[in-house]
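*Asks:* Just dropping this structure here.
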Amino acid sequence: PGPDPRSPRPGVRATAAVNRRLLSRPGRRVLLLNLWVPNGLVAGCSALFIPHSPQHAGLLLAAGSIGTAAGDLLVGRLFTARARRRSAFPLRLLLAAPWPLFLLDPPPAVLAAAVLAASLGYAASLPLQERLLAATPEAERGQVQGVDAAGRPAWQGLGAVVAGAVAQVVGPAGAMAVVAGLSLAVTVASRPFAARAGA
């Protein structure tokens, strides 16, 4: 049965208090960081498809969608729980690693394959979410999912702003490489903390 519709909904103060409690633990903070920041920065790369390749942007966007769906299917449906846990870090690396290929200006088919491969890395969110829920008391799991869901689009928007600003200086391909490098740096630097949070 669902929640009693007659029960009062938590107010702003109560929600803020739970959010502070959720973010008070370093393990949860680092998991949220890994759910938000690498994904958000790489979303900034995707935001540059039109200025980089206006005639092939549709192909690149389609490749990204196919890769995201395939990654979710592979990791969510076919991986065991242990394989999902072990895949989180390699998938976050894969998320960012192919983007510097845009600097070489290869044929569109090669770029589409690179985008598809990178988009498989979005599936790292699945094992990270499992770790986040395991590190959160059961009564607060719904709220921590809400915090995660609110933070991800915010960071995607910020990633697009950062990528666009960098592109004004070094061009779209250069900005993709820079932003992807930042995503890799966050992933690598936070790995020991994320591993402890998931233990």
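*Asks:* For the chain, set up a GNM with springs between Cα atoms under 10 Å and report which of Asp105, Asp148, Asp72 has the largest fluctuation.
*Replies:* Its mean-square fluctuation being the largest, the pick is Asp105.
*Asks:* In addition: Between Ala134 and Val110, what is the label-point separation in nm under the 7 Å Cα-to-beta-carbon projection?
*Replies:* Output for this residue pair reads 4.0 nm.
*Asks:* Oh, and also: Based on alpha-carbon positions alone, could you give the equivalent ellipsoid semi-axes of the chain from the gyration tensor, as √(5λ), descending, whole Å? Kindly include the intermediate steps, with their values, before the conclusion.
*Replies:* Values: eigenvalues 210, 67, 52 Å².
Calculated on Cα positions only, the semi-axes equal 32, 18, 16 Å.
*Asks:* Residue-wise, which Karplus ³J(HN,Hα) couplings in Hz belong to segment 69-84, taking 6.51 cos²θ - 1.76 cosθ + 1.60, θ = phi - 60°, and x for glycine or proline?
*Replies:* Using θ = phi - 60°, the values come out as 5, 5, x, 4, 5, 5, 6, x, 10, 9, 7, 6, 4, 5, 5, 4 Hz.
*Asks:* OK, next. Under the 0.36 nm per residue contour assumption, what length would be gained going from the current alpha-carbon distance of Arg20 and Leu158 to full extension?
*Replies:* Values: separation 138, 0.36 × 138 = 49.68 nm, distance 2.23 nm.
Computed gain between Arg20 and Leu158 is 47.4 nm.
*Asks:* Gaussian network model of the chain, Cα springs within a sub-10 Å range: biggest mean-square fluctuation belongs to which of Ala97, Ala135, Ala149?
*Replies:* Maximum fluctuation in the GNM of the chain, among the listed residues, is at Ala149.
*Asks:* At a Förster distance of 45 Å, what's the computed FRET efficiency of Gln145 paired with Ile50, Cβ-Cβ distance as r, to 0.05? All intermediate terms of the calculation are to be shown ahead of the outcome.
*Replies:* Details: r = 32 Å, r/R0 = 0.72.
Using R0 = 45 Å, I get an efficiency of 0.90.
*Asks:* Right, here's the next one. Roughly how many nanometres apart are two label points built 7 Å out from the Cα toward the Cβ at Ala62 and Leu93?
*Replies:* Taking the simple label geometry, Ala62 and Leu93 are separated by 3.2 nm.
*Asks:* Given Cα pairs under 8 Å that are at least 6 residues apart, what percent is the relative contact order of the chain? Mind showing how you got there, number by number?
*Replies:* On the way: 269 pairs, mean separation 79.2, N = 199.
40 percent.
*Asks:* Quick one: angle between helix 141-198 and the longest Cα principal axis of the chain, in degrees between 0 and 90, rounded to 10, please.
*Replies:* Value to nearest ten degrees: 20.
*Asks:* Write down the accessible area per residue of segment 53-190 in Å², having rolled a 1.4 Å probe over the full set of protein chains.
*Replies:* On the way: 6640 Å² over 138 residues.
It amounts to 48 Å² per residue over segment 53-190.
*Asks:* Anyone know which of Gln143, Gln55, Gln129 comes out most mobile in the 10 Å Cα GNM of the chain?
*Replies:* Evaluated over the chain, the most mobile residue of the options is Gln55.
*Asks:* Computing the accessible area with a 1.4 Å probe over protein heavy atoms, can you report the carbon and sulfur percentage for segment 45-154?
*Replies:* Heavy-atom surface of segment 45-154 belonging to carbon and sulfur, 1.4 Å probe: 66 percent.
*Asks:* Okay, helix-only estimate at 222 nm for the chain: each DSSP H run of n ≥ 4 adds -39500 (n - 2.57), divide by all residues, round to 500 deg cm²/dmol; what do you get? Don't jump to the answer; show the numbers that get you there.
*Replies:* Details: 8 runs with 151 residues, N = 199.
Mean residue ellipticity, 222 nm, calculated: -26000 deg cm²/dmol.
The values are calculated or read from the model by the stated rules, or taken from the named source; none is laboratory data. Keep in mind that what you see is a predicted model, and the values were worked out from it rather than measured. In this analysis, Cβ positions are derived from the backbone assuming ideal geometry, glycine residues included, and neighbour counts consider all displayed protein chains. What goes into the accessible areas is simple: the full protein's heavy atoms, side chains included, and nothing from ligands, DNA or RNA. Shrake-Rupley method; radii C 1.70, N 1.55, O 1.52, S 1.80 Å.
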